[in-house]
1. If only one of 69, 91 is under 30 Å from residue 204 (Cβ atoms), surrounded by 15 or more Cβ atoms within 10 Å (Cβ to Cβ), modelled with pLDDT of 95 or more and in contact with a Gly (Cβ under 7 Å, 6 or more places away or on another chain), which one is it?
2. Quick check on my filter: what residues within the range 160-179 are surrounded by 12 or more Cβ atoms within 10 Å (Cβ to Cβ), in contact (Cβ under 8 Å) with a residue 24 or more places away in the chain and not in a strand (DSSP E or B)?
3. How many residues are of a type outside the set (Val, Ile, Thr), within 21 Å of residue 276 (Cα to Cα), free of Cβ contacts under 8 Å to residues at least 60 places away in the same chain and part of a helix (DSSP H, G or I) if we restrict to the range 115-143?
4. Any idea which of (1) loosely packed, with under 14 Cβ neighbours inside 10 Å; (2) modelled with pLDDT of 95 or more is the one residue 146 doesn't satisfy?
5. Specify which of the listed residues (244, 231, 255, 190) is among the hydroxyl-bearing types (Ser, Thr, Tyr), modelled with pLDDT of 95 or more, out of contact with any His (no Cβ under 9 Å at 6 or more places or on another chain) and surrounded by fewer than 24 Cβ atoms within 10 Å (Cβ to Cβ).
6. Taking the condition at pLDDT 90 or above and at negative phi, does residue 226 pass?
Amino acid sequence: MLSPTNTSTGNANSTSGNLFRHHIAPNGAAYVVGALLLVLLIAGAFVSDRFATLPNLLNVHQQATGLAIVALGQTLTILTGGIDLSVGSLISVTATLTSGLADNPYGGWGTAIAAVIVLSCAVGFANGLLVLWLRVHPLIVTLGMGAVLQGAILYYSTGPAGNVPDGFDSLAYGRYAGVPITATLVVLLYFAVSFFMRHFRLGRYVYMVGDDEHAATLTGIPRARVILFVYVFSALCAGLTGIYLAAQFGSGQPYLGANYTLASITPVVVGGTVLSGGRGGVIGTLIGVYLLSLLNNLINFAGIPSHYQLVIQGAAIIAAVSVNLQRKRGTA
């Protein structure tokens, strides 16, 4: 039986749908980042004749995989107006857990992957519950969770731990006809998530919660379910990144994910997703990932010390946030 409030709810949902289409529409930032990709390719060709070659571009495609996975989950948390600062520590934990169990006679790679998935989802669920229960900014909750995870992994090991079995590295280095398999699957995953965000109700709810949390609640959107979903998804992506890095490096390390906390945010904001939530998308993040990966590759070709990559990431975040704020003020 239809309730008397269905008509007004339907109108509210129609209005929210219009807002959703506005906020998911491609913005100028994504086009600018795409143009910068072309500029980098041209500039790189002058730095080295090997930069713009197909083998090097395929290497960049492969090297971007870890960042692409964790940034995908980070995008969804930021779209709700939140953030996940526990991803770096979770990557360290899951990489070490993977390497510890994968070569264990009582474990194996199947057990390792299953354990990582369960642990990651549990951490994400705990993050979401704490955000809802404590009603404080997710930055505080996830920062605290990251500290707990980092302390736990340092209690377990202060150096490289475990070894992955033979053949496990194919997860990171496997290729078909010269094309990196995992990297290509991650790109397909981005397009699948983009489709989900556009055409499934839960995906649209993510945008609506980020746009106006109070209005979303009034229109009957299950905010708690959305928050739990995005933090579980973010943690799962961090866990999968840990598995990938364990396969790439052959073992887990307690600080393996340290740089990924900042790095996971950079392509999100560079790709046009605003930190206040409700506007942006995963395809912009994917473009941002390749922009940063190409830039780091160009730095290596130019012989610039690798620690400048962190400087560039920080500068990119400041520049992207500044541009987004100016655009928001200009459209206000």
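1. That would be 91, the only listed residue that is under 30 Å from residue 204 (Cβ atoms), surrounded by 15 or more Cβ atoms within 10 Å (Cβ to Cβ), modelled with pLDDT of 95 or more and in contact with a Gly (Cβ under 7 Å, 6 or more places away or on another chain).
2. Scanning the range 160-179 gives 160, 162, 163, 164, 165, 168, 169, 170, 171, 172, 173.
3. 5
4. Of the numbered conditions (1) loosely packed, with under 14 Cβ neighbours inside 10 Å; (2) modelled with pLDDT of 95 or more, the odd one out for residue 146 is (1).
5. Within the list 244, 231, 255, 190, the selection yields 190.
6. Here the answer is yes, as residue 226 does meet what is asked.
Here is a yes/no grid of residues against (1) in a helix (DSSP H, G or I); (2) closer than 24 Å to residue 190 by Cα; (3) touching a Leu at 6+ places or on another chain (Cβ under 6 Å):
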{"residue": "34", "(1), (2), (3)": "yes, yes, no"}
{"residue": "43", "(1), (2), (3)": "yes, no, no"}
{"residue": "68", "(1), (2), (3)": "yes, yes, no"}
{"residue": "72", "(1), (2), (3)": "yes, yes, no"}
{"residue": "82", "(1), (2), (3)": "no, yes, no"}
{"residue": "89", "(1), (2), (3)": "yes, yes, yes"}
{"residue": "100", "(1), (2), (3)": "yes, no, no"}
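The values are calculated or read from the model by the stated rules, or taken from the named source; none is laboratory data. Worth saying up front: this structure is predicted, and the values here are computed from it rather than measured. Neighbour counts run over all protein chains shown; Cβ positions are idealised from the backbone, glycine included.
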